[in-house]
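K.L.:
This is the structure I want to talk about, given as structure tokens.
The values are calculated or read from the model by the stated rules, or taken from the named source; none is laboratory data. Nothing here was measured: the structure is a model prediction, and the numbers come from that model. So basically every Cβ, Gly included, is an ideal-geometry build from the backbone, and we count neighbours across all protein chains shown.
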Amino acid sequence: MRLTEQLTPSLIKIGLESEEKEELFEEMVQLLMDAGRVTDRDAALEALFEREAKMTTGITRWIGLPHGKVEGIDGLIVALGVSKRGIEYDSLDEEPVYVVLMVLAESGNPGPHIEALAEIARLFGAPGFTERIRDAETTSEVLELIRAEE
């Protein structure tokens with residue numbers, strides 16, 4: 001799975017407005033709704049908050065990876081957001097989050113969900129990659145950075 005196969009400019013937001021995790025989930029789900037990828041806002045938010053209650057998805061420096069499985073979603077949906085100010089996320093390292101990758105997947109089919117999380121971990125594990133994404137100014141630049149790293 002390639003991240004560039006999942007992301008389009010309408011699924012990327014530079015300049016996230018949220019300051020805290022709960023607001024962020026709402027903002028990112030709205031991005032998915034505006035792009036026509038999610039129709040049941042409440043189900044998407046419930047899946048994200050349910051997963052987050054188990055353990056924070058802020059598990060590596062500057063990255064938030066909220067994810068969940070939602071009834072009614074066919075396949076996999078990925079959105080990416082960038083905050084220039086940082087978002088309070090209750091991360092394991094207690095640092096703010098600047099890059100958010102939200103992954104929603106269909107219930108009952110864990111394969112694509114796991115593949116997406118693995119690919120995100122691989123890409124964002126590359127030295128300096130998170131910083132380059134954080135500093136990107138346009139959605140085109142984000143997509144080009146990801147494409148070059150893939």
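K.L.:
Hey, among the residues in region 15-42 that are surrounded by 17 or more Cβ atoms within 10 Å (Cβ to Cβ) and among the aliphatic types (A, V, I, L, M), which one's farthest from residue 139 (Cα to Cα)?
P.N.:
Selected residue: 38.
K.L.:
Which one of 116, 136 is in contact (Cβ under 8 Å) with a residue 24 or more places away in the chain, surrounded by 11 or more Cβ atoms within 10 Å (Cβ to Cβ), closer than 17 Å to residue 14 by Cα and in contact with a strand residue (DSSP E or B) (Cβ under 8 Å, 6 or more places away or on another chain)?
P.N.:
Working: 116 fails: closer than 17 Å to residue 14 by Cα.
The match here is 136.
K.L.:
May I pose another question? Residue 141: modelled with pLDDT of 95 or more, in a loop (DSSP other than H, G, I, E, B) and either under 15 Å from the mean Cα position of the chain (by Cα) or surrounded by fewer than 21 Cβ atoms within 10 Å (Cβ to Cβ) (or both), yes or no? Reasoning before the result, please.
P.N.:
Values: modelled with pLDDT of 95 or more: yes; in a loop (DSSP other than H, G, I, E, B): no; either under 15 Å from the mean Cα position of the chain (by Cα) or surrounded by fewer than 21 Cβ atoms within 10 Å (Cβ to Cβ) (or both): yes.
No; evaluated as a whole, the condition is false for this residue.
K.L.:
Filtering region 109-138 down to residues that are out of contact with any Asp or Glu (no Cβ under 9 Å at 6 or more places or on another chain), in a loop (DSSP other than H, G, I, E, B) and among the small types (Gly, Ala, Ser), which residue is modelled with the highest pLDDT?
P.N.:
This residue is 128.
K.L.:
Condition test on residue 104, is it over 19 Å from residue 142 (Cα atoms) and not in a helix (DSSP H, G or I)? So that I can check it myself, show each step before the final result.
P.N.:
Numbers: over 19 Å from residue 142 (Cα atoms): yes; not in a helix (DSSP H, G or I): yes.
Here the answer is yes, as residue 104 does meet what is asked.
K.L.:
When the residues of region 55-109 are narrowed to those that are in contact with a Phe, Trp or Tyr (Cβ under 7 Å, 6 or more places away or on another chain) and either loosely packed, with under 15 Cβ neighbours inside 10 Å or among the aromatic types (Phe, Trp, Tyr) (or both), which ends up farthest from residue 19 (Cα to Cα)?
P.N.:
62
K.L.:
Now a separate question. Show the residue pairs meeting these rules: Cβ distance below 9 Å; 6+ apart or different chains; first residue within region 20-49 and closer than 25 Å to residue 85 by Cα and modelled with pLDDT of 95 or more; second residue part of a helix (DSSP H, G or I) and of a type in the set (Lys, Arg).
P.N.:
26/41; 29/41; 30/41; 32/41; 33/41
K.L.:
How about region 95-150: which of its residues are among the aromatic types (Phe, Trp, Tyr) and in contact with a Ser or Thr (Cβ under 7 Å, 6 or more places away or on another chain)?
P.N.:
To start, the set of residues in region 95-150 that are among the aromatic types (Phe, Trp, Tyr) comprises 98, 124, 129.
98, 124 - these are the residues of region 95-150 that are among the aromatic types (Phe, Trp, Tyr) and in contact with a Ser or Thr (Cβ under 7 Å, 6 or more places away or on another chain).
K.L.:
Let me ask something else. Considering only region 1-14, how many residues are buried (at least 16 other Cβ atoms within 10 Å of the Cβ), at pLDDT 95 or above and assigned to a helix (DSSP H, G or I)?
P.N.:
The number of residues fulfilling the criteria is 1.
K.L.:
Further question on the same structure: How many residues are at pLDDT 95 or above, more than 22 Å from residue 143 (Cα to Cα) and either touching a Cys at 6+ places or on another chain (Cβ under 6 Å) or in a loop (DSSP other than H, G, I, E, B) (or both) if we restrict to region 58-88?
P.N.:
Residues meeting the conditions: 0.
K.L.:
Here are some conditions: (1) in contact with a Ser or Thr (Cβ under 7 Å, 6 or more places away or on another chain); (2) of a type outside the set (Ser, Thr, Tyr); (3) touching a residue at least 60 places away in the same chain (Cβ under 8 Å). Residue 76 meets all but one. Which one does it not meet?
P.N.:
Condition (1) is where residue 76 drops out.
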